[in-house]
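Here the structure is laid out as structure tokens; the discussion comes afterwards.
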Amino acid sequence: MSIISDVIDLAARAKKQADELAGIELKETIAELRGKLLDLKEEILALREENTDLKAEKAKLALPAEVVKKDGLCYKADGNGPYCTHCYETRGDLISVVEFPKNVQRLAGKWRCPSCTTKYA
Ligand SMILES: [Zn+2]
């Protein structure tokens, strides 16, 4: 904020100099200019705050690391997974699927999503 503070200080100096030298109209213009600069400073501070909030919101919404599909299931690019493809494609959620016990896999499938109950072979 130092640039805008410097500009406001310069406007104050210009007003002081104008008070000593210039006519009433110039004094009024410089005083008005100074007021507008103070408004501008407030607006910049508000915009900075909004920008910080929006950045935080954007970071929250950002998709997780790249996701790849393999054999119908989703995996992170770093190999973590598998995750439910249905949950990822409908809501963007990475839900770890649960492996069925070996003795029921032939009938039930190999994986089941604990959130949406989709089964994967
Ligand atoms: Zn699911």
Handout entry: Pairwise FRET efficiency - Glu57 versus Ala108, Cβ, R0 = 41 Å, nearest 0.05
Key = 0.50
Problem - the chain: angle of helix 24-61 to the longest principal axis, Cα-based, in degrees nearest 10 - result: 10
Fill in the blank from the handout: Candidates Thr52, Thr85, Thr29; GNM for the chain (alpha-carbon contacts under 10 Å) flags as most fluctuating Thr29
Exercise for the section: Mind checking which aspartates and glutamates have their Cα closer than 17 Å to the Cα of Lys16? Skip sequence neighbours fewer than 8 apart in that chain. Expected result: Asp6, Glu25, Glu28, Glu32
Problem - Alpha carbon centroid spacing (whole Å) that separates the stretch 1-39 from the stretch 67-112 - result: 66
Problem - Listed pairs Lys60/Lys119; Lys76/Lys102; Lys69/Lys110 exceeding 20 Å between Cα atoms - result: Lys60/Lys119; Lys76/Lys102
Exercise for the section: Would you mind computing, in nm to one decimal, how far apart the modelled labels at Ile4 and Lys36 are, each placed 7 Å from Cα along Cα→Cβ? Expected result: 1.6
Completion exercise
Measuring from its Cα centre, the stretch 1-97 shows a charge dipole (+1 at each Lys and Arg Cβ, -1 at each Asp and Glu Cβ) which, in debye to the nearest 20, is 320
Handout entry: the chain: relative contact order as a whole-number percent, Cα under 8 Å and 6+ apart
Key = 12
Problem - Stokes-Einstein D for the chain, Kirkwood Rh over Cα pairs, 37 °C, 0.692 mPa s (µm²/s) - result: 166
Completion exercise
Given unit charges at Cβ for Lys, Arg (+) and Asp, Glu (-), the dipole magnitude of the stretch 53-121 about its Cα centre in debye, nearest 20, is 280
Exercise for the section: With θ set to phi - 60°, apply the Karplus curve 6.51 cos²θ - 1.76 cosθ + 1.60 along the stretch 70-75 and write out the HN-Hα couplings as whole Hz, x wherever there is a Gly or Pro. Expected result: 8, 6, x, 10, 9, 9
Problem - Value in Å of the Kirkwood radius, where the stretch 68-119 supplies the Cα pairs that are averaged - result: 11.1
Exercise for the section: Just add up the charged neighbours of Glu20: K/R +1, D/E -1, any other residue whose Cβ is under 13 Å from the Cβ of Glu20. Expected result: +3
Fill in the blank from the handout: For Asn80, other-chain or 5+-apart residues with amide H closer than 5 Å (H placed, Pro excluded) are none
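Rule-based calculations on the coordinates, nothing more; no lab input. Everything quoted here is computed from the prediction, not taken from an experiment. Here Cβ is always computed from backbone atoms with ideal geometry, including for glycine, and neighbour counts include all displayed protein chains.
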